[in-house]
Amino acid sequence: APVAVAGGLRWAVVDVGRVHTCGVTPDGEAYCWGGNDRGQLGTGETERRATPTRVGGTTRFASLAGGVLHTCALTGRGAAYCWGANDAGQLGDGSSRPRTGPVRVAGGRSFSALGTGSAHTCALADGAVYCWGGNRFGQLGDGSNTARSTPVRVEGSGFRRLAVGWDHACALDGRGRALCWGAGARGQLGDGGESDRNAPVAAELDRRLVAL
């Protein structure tokens, strides 16, 4: 049954990773708790925490997203910061070194939304989606299967919403179409097949369901 998170803090945003949780207070302070073996709590060390612990640095955030072993957050002006595991470049800082505190994502772009997967991250900026990190299944959507440690643009434009899964991602365009890319072995891309896609494909409506 639900139990109150310790500390008596009030939260504006909360999100979860595999074994950690993070939240942002109304005044923009980020706190994390749980597993921390790769620095995903952002506290400057790798000790696990059973209660909320302040993320290091002085940057204030407006939103965040918890990946499997990493965390990323946006400031009020859309600057992206990440911390934690970085073996596939999922922190976007141009390196493969794990970070125990926030580092700025390379490129200096201002993003309006952000999501994290197992070892990749994607963010939305002015109708374009940018992704970085692992790309074994094409989850960066740039037409390749090459891992990237800095943001690369997903093929296409006019995107307005973004959602990131374990090894795939989807976005809505201005016409309301859902386009997905990445791992597709379980049909999660919605294009009628079970193949991986390294560029966005439109989800196909199963007309049989409409008939029912």
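Here are a few things to note about the model shown:
- Total residues in segment 138-171, condition in a strand (DSSP E or B) and either under 22 Å from residue 87 (Cβ atoms) or open to solvent by 70 Å² or more (accessible area, probe 1.4 Å) (or both): 11
- Every test in (1) hydroxyl-bearing (Ser, Thr, Tyr); (2) within 18 Å of residue 44 (Cα to Cα); (3) buried (at least 24 other Cβ atoms within 10 Å of the Cβ) is passed by residue 130 save one, and that test is (2).
- For segment 121-164, a residue qualifies if it is under 18 Å from residue 104 (Cα atoms) and in contact (Cβ under 8 Å) with a residue 60 or more places away in the chain, and the qualifying residues are 149, 150.
- Only a single criterion out of (1) open to solvent by 40 Å² or more (accessible area, probe 1.4 Å); (2) farther than 14 Å from residue 65 by Cβ; (3) part of a strand (DSSP E or B) is not satisfied by residue 15, namely (2).
- Condition check for residue 110: part of a loop (DSSP other than H, G, I, E, B), more than 17 Å from residue 88 (Cα to Cα), polar (S, T, N, Q) and more than 14 Å from the chain's Cα centre (by Cα): yes
- Restricting segment 73-91 to residues that are among the small types (Gly, Ala, Ser) and touching a Ser or Thr at 6+ places or on another chain (Cβ under 6 Å) leaves a set whose member that is nearest to residue 20 (Cα to Cα) is 84.
- Residue in segment 30-50 that is in a strand (DSSP E or B) and over 25 Å from residue 97 (Cα atoms) present: yes
- Condition check for residue 58 on (1) over 20 Å from the mean Cα position of the chain (by Cα); (2) open to solvent by less than 80 Å² (accessible area, probe 1.4 Å); (3) among the hydroxyl-bearing types (Ser, Thr, Tyr): one failure, at (2).
- Summed over segment 174-193, residues that are within 17 Å of residue 145 (Cα to Cα) and open to solvent by 30 Å² or more (accessible area, probe 1.4 Å) total 1.
- Qualifying residue in segment 43-51 (condition: surrounded by 24 or more Cβ atoms within 10 Å (Cβ to Cβ), under 24 Å from residue 113 (Cα atoms), touching a residue at least 40 places away in the same chain (Cβ under 8 Å) and not basic (Lys, Arg)): no
The values are calculated or read from the model by the stated rules, or taken from the named source; none is laboratory data. Quick caveat: nothing in here was measured; it's all calculated off a predicted structure. Backbone-built Cβ (ideal geometry, glycine too); neighbour counts: all protein chains shown. Quick note on the areas: whole protein, heavy atoms, side chains included, nothing else; ligands and nucleic acids left out. Shrake-Rupley method; radii C 1.70, N 1.55, O 1.52, S 1.80 Å.
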